[in-house]
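Scroll down for the structure; my scribbles are underneath it.
What follows draws every value from the coordinates through simple rules; no lab data is involved. What you see is a predicted model, and the numbers here were worked out from it, not measured in a lab. Note: ideal-geometry Cβ built from the backbone for every residue, glycine included; neighbour counts use all protein chains shown.
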Amino acid sequence: MNIPFEDHPIIDRVKSRTPLFWENTIKLNTSSVLPTLPLGIKDIEDAQNRLDRFAPVIRELFPETRPRNGIIESDLINAAPLAGDLAEYYNTPLPGRYFIKADHALPVAGSVKARGGIYEVLCFAEEAAKKNGLICESDSYLALLSPDAKKLFSVHTLSVGSTGNLGLSIGVTGATFGFHTQVHMSADAKPWKKKLLRSRGVEVIEHDGDYTAAVAAGRRAIEGNPRAHFVDDEDSKLLFLGYSVAALRLKKQLDDENILVDDRHPLFLWLPCGVGGAPGGITFGMKHLFGDAVRCFFSEPVDAPAFLIGILTDFSGSVSVYDVGLTNDTIADGLAVGAPSVLVGNLVKHLVSGCVTVSDDDLFRFTALAHRSMALKLEPSATAGFIGPLSLFTTQEGRAYIESNLDPASVEGATHIIWTTGGSLVPEKEFREFLETGNRLTNTS
Ligand SMILES: *Cc1c(COP(=O)(O)O)cnc(C)c1O
């Protein structure tokens, strides 16, 4: 970065918590970026193959995955009704076609973490089983269900620090495989998440501090233990690759729906972003398949725009949302992150088209609107993508982006996918409270 971060033209707006549309000023052509990266399409395919090898095991351990034969995947849902309601409520035309990628309903973990988190558990299980001669690559992995495997896994420890969804995905999967599984939770973690984990045999350790403190405790807990693995949300290639497999699966769904993606028919992805792992992995995968025709935007709370600040500081690793006077205090607990993943930032900073930010009030409104128009059960975090098209078509910066990047035909020919990232495991009582707040806000303003 050649201009100091504090002098960046948008920094005042970031500080003032104004929802914004920001076009990434360091984005480059996909074809010039991908060959320079340390990971490639082979790594994505390798991750997909591993998930395929494990599918028969997942199918047995998690009966809810049987309809897809042990493949944990979500539907691509036509969201025309919801787009119509959003257009009406926010009083703006929303040209193009609209879909929801329904990760809020992913089996086992109920969030996008089912992709990365579960994948990392499988990698650990595979490594331990191979090392101890339980399986080799050509075997059926069903041997992992044997009493011998259970015994082996029970002397291995999985540890993770989390405020919520990552802990749920690692905890539930790890414990089901038979690992000794520890989830280090921050003070603000929801009681129902701790309760659910404990009911599955997970050791939940509560800490007084915030997310960073919980992560540090999780890391410390396994130090010096050769049979332990720490899942590091801020620095994990495995999580990233697990997330990236979504692209191969989504491509099939787009083909099945006859959705064309090319220069004249751009595909916009609106992705909720915390540390950047999930949206980053998805972006990385989609760029390999669709190049410049896919445009990936990350959406963050106005109080926690960690990835945006990361790009502005070129992921130097030392700046957080606290440094610009923001609190990281948001209802979007899945996105309440002060600092981005430097690993992911450096992988995707030239691929991301831009960032948008969203207020908590709008997250509540989207939760209520999505339930009203399509009966979707989303948590507020999971609705962050809805701000994307609204921001694109209503802000001055969004319209400037259209002006310089799209012709009128491709605005009409575009497809927008709003990635809904969590919600189905939220207990009914908490969900009703989200809806009540959302309904109150949509009815009064
Ligand atoms: C974790 C999470 C995200 C974002 O993932 P990151 O890897 O932290 O960027 C988005 N939505 C929900 C609901 C999540 O739990």
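By the count of neighbouring beta-carbon atoms within 10 Å, fewest first, Glu257, Glu203 end up ordered Glu257, Glu203.
Using just its DSSP H runs of length 4 or more, each adding -39500 (n - 2.57), the chain gives a mean residue ellipticity at 222 nm of -13500 deg cm²/dmol after division by all residues. Note on Ala80 and Glu64: their simple-model spin labels are 3.0 nm apart, each label 7 Å out from Cα toward Cβ.
If you wrap region 347-445 in the convex hull of its Cα atoms and look at it from every side, the mean projected area works out to 8.0 nm². Multiplying the residue separation of Asp255 and Phe5 by 0.36 nm and subtracting their alpha-carbon distance yields 85.8 nm.
Two decimals is fine: what is log10 I(q)/I(0) at q = 0.06, 0.08 Å⁻¹ for the chain, from a Debye sum with one equal scatterer on every Cα and no solvent? Evaluating at q = 0.06, 0.08 Å⁻¹ gives log10 I(q)/I(0) of -0.23, -0.42.
With neighbour counts taken as other beta-carbon atoms within 10 Å, the residues Ser404, Ser381 rank, fewest first, as Ser404, Ser381. One equal scatterer on each Cα of region 1-159, no solvent, Debye formula: the resulting log10 I(q)/I(0) at q = 0.17 Å⁻¹ is -1.11. A cut-off of 5 Å between modelled amide H atoms, ignoring neighbours fewer than 5 places along the same chain, links Gly274 with no other residue.
Around the amide H of Val319, modelled in the peptide plane, lies no amide H under 5 Å away from a residue 5 or more places distant or on another chain.
Candidate cross-link partners of Lys150 among the aspartates and glutamates, defined by an alpha-carbon separation under 20 Å and a same-chain spacing of 8 or more, comprise Glu60, Glu120, Glu126, Glu127, Glu137, Asp139, Glu203.
Candidate cross-link partners of Lys194 among the lysines, defined by an alpha-carbon separation under 17 Å and a same-chain spacing of 8 or more, comprise Lys113, Lys429.
With neighbour counts taken as other beta-carbon atoms within 10 Å, the residues Val352, Val261 rank, fewest first, as Val261, Val352. Which shape class, rounded, prolate or oblate, goes with region 32-83 when its Cα gyration tensor gives a ≥ b ≥ c as root eigenvalues, a/c under 1.5 marks rounded, and past that a/b bigger than b/c marks prolate? Oblate. In nm, what is the difference between 0.36 nm times the number of residues separating Arg198 and Arg220 and their Cα-Cα distance? Between Arg198 and Arg220, full extension yields an extra 5.8 nm.
The stretch between Val155 and Arg399 holds 82.2 nm of extra length on full extension. This uses 0.36 nm per residue minus the Cα-Cα distance.
Under 5 Å from the amide H of Thr181 lie the amide H atoms of Leu158, Glu203, each residue being 5 or more positions distant or on a separate chain, with H modelled from the backbone and absent for Pro and chain starts.
Of all lysines in the structure, those lying under 20 Å Cα to Cα from Lys42, and not within fewer than 8 positions of it along the same chain, are Lys237, Lys251, Lys252, Lys287.
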